[in-house]
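Input: a single structure, listed below in structure tokens.
Where a number appears in this text, it was derived from the coordinates with a stated rule and is not lab data. Just so it is clear, the structure is predicted and the values come from calculations on it, not from any experiment. Every residue, glycine among them, receives a Cβ derived from its backbone with ideal geometry; neighbour counts consider all protein chains shown.
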Amino acid sequence: MLCFPLNNVLPPATAERWRERSIGNLVARARETRSWVVSSDVAGACGTRMSLGCTVIVSPDGEIRARVPEGTTGKIALELVTQPNAGAR
């Protein structure tokens, strides 16, 4: 499991440019590493900067399994059930 505690407080134009790429990068990391990816981010404004939030859980195949809606604060949880590795010796 890869955990990304984020603090993406950016100028508004930069936040907009990174809006979709932030989630896309997390999906790519999950697929590349075949690992669960969990990120948490701040949301809202701080002076002239803002964060849209990027709190998400992504499965090893790149599926977004849980996500806090963009621009809001909240919590997500997902129960992970592991199965024995059939190829393990």
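Here are the numbers for the structure shown:
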| read-out | value |
| --- | --- |
| Options GLY71, LEU2, SER39, ranked by Cα towards positive dipole end of the chain, top entry (Cβ charges) | LEU2 |
| Proxy reagent accessibility, fewest Cβ within 10 Å first, across ILE64, ILE57 | ILE64, ILE57 |
| Given charges at beta-carbon only (K, R positive; D, E negative), |dipole| of segment 2-67 in Debye | 40 |
| Amide H partners (placed H, <5 Å) of LEU2, local residues excluded | TRP36, VAL37, VAL38 |
| Quotient of C-alpha Rg and 2.2 N^0.38 Å, computed over the chain | 1.22 |
| Sorted by Cβ density within 10 Å, fewest first, the residues MET1, MET50 | MET1, MET50 |
